[in-house]
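J.: Below is a structure I'd like to ask you about.
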Amino acid sequence: MIQKIPQPAKRRLVLLEHLLSTYKEKNITSQKIQEMAGWSSAVVRRDISYIDVKCGATNGYKVAELREALRKTFNLTTAEQKCCIVGLGRMGQALLDNSELYESPFKIVAGFDSSVNKTEVLSSAFPLHPTTLMKKIIKEEGISFAILTVDPEEAKPMTDLLLECGIRGIVNYTPCVLTVTKDVKVENVSLLTALSTLAIQ
């Protein structure tokens, strides 16, 4: 079923589950979701129609049942998911103190950089290592996901190394298009692409 859901709808529905995690009422209307997320109520209702949910009510959707349907559809879990940052330049350093993941199942447990000096000088709540130790650390820690923030010229070799390490998914902050195997997912994060999308007439 998930393959039939358009990608934009998938993004909104996953975000909806996060939004509902802090919502205190038992029911929620599409109008309320519109106020919280900025999507039109029509888009909200259409997106929810893609998932196997029978929690609609005259005064809105039943929050607990809607969240359960979303978690089941997208295999969302509360189990800890270990991540690492690869590249400790300006972007990577900015993510060292990022609090967005604090209340999530995702936990950054390691950082890597090709510069040994950076790994020794930078301060972080988790260990920083040279990239020569990536295979060893990723295996020992059971790391599943990588946040790639390296310079463009390092993107391909670092991606290849992450694939060798058995990484399941990569958040790509580089401007490069990554070539990965079918069993590895890539989520591209680009300020330029986001702004260009906003500027489309």
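The values are calculated or read from the model by the stated rules, or taken from the named source; none is laboratory data. It should be emphasised that the depicted structure is a prediction, and the values quoted were computed from it without experimental measurement. Every residue, glycine as well, gets a Cβ built from its backbone with ideal geometry; the counts of neighbours run over all protein chains shown. In case anyone asks, the SASA skips ligands and DNA or RNA and just uses the protein heavy atoms, side chains included. Shrake-Rupley method; radii C 1.70, N 1.55, O 1.52, S 1.80 Å.
J.: In this structure, does Ala42 turn out to be open to solvent by 50 Å² or more (accessible area, probe 1.4 Å), hydrophobic (A, V, I, L, M, F, W, C) and either under 24 Å from Lys185 (Cβ atoms) or out of contact with any strand residue (DSSP E or B) (no Cβ under 7 Å at 6 or more places or on another chain) (or both)? Can you show your working first?
T.: Values: open to solvent by 50 Å² or more (accessible area, probe 1.4 Å): yes; hydrophobic (A, V, I, L, M, F, W, C): yes; either under 24 Å from Lys185 (Cβ atoms) or out of contact with any strand residue (DSSP E or B) (no Cβ under 7 Å at 6 or more places or on another chain) (or both): yes.
Criteria met by Ala42.
J.: A further question on this structure: Among strands (runs of 3 or more DSSP E) lying entirely in segment 87-201, which contain 3 or more residues that are among the hydrophobic types (A, V, I, L, M, F, W, C)?
T.: Details: elements: 106-113, 128-130, 145-148, 169-172, 185-188.
In segment 87-201, the matching strands (runs of 3 or more DSSP E) lie at 106-113, 145-148.
J.: Select from segment 150-173 the residues that are in contact with a strand residue (DSSP E or B) (Cβ under 9 Å, 6 or more places away or on another chain), in contact (Cβ under 8 Å) with a residue 40 or more places away in the chain and closer than 16 Å to Met91 by Cβ and write down the one among them that is surrounded by the most Cβ atoms within 10 Å (Cβ to Cβ).
T.: Looking at residues that are in contact with a strand residue (DSSP E or B) (Cβ under 9 Å, 6 or more places away or on another chain), in contact (Cβ under 8 Å) with a residue 40 or more places away in the chain and closer than 16 Å to Met91 by Cβ, I get Val150.
J.: Looking only at segment 97-124, which residues are over 21 Å from Asp151 (Cβ atoms) and in contact with a strand residue (DSSP E or B) (Cβ under 8 Å, 6 or more places away or on another chain)?
T.: Within segment 97-124, Leu101, Pro105, Phe106, Lys107, Val109 meet the criteria.
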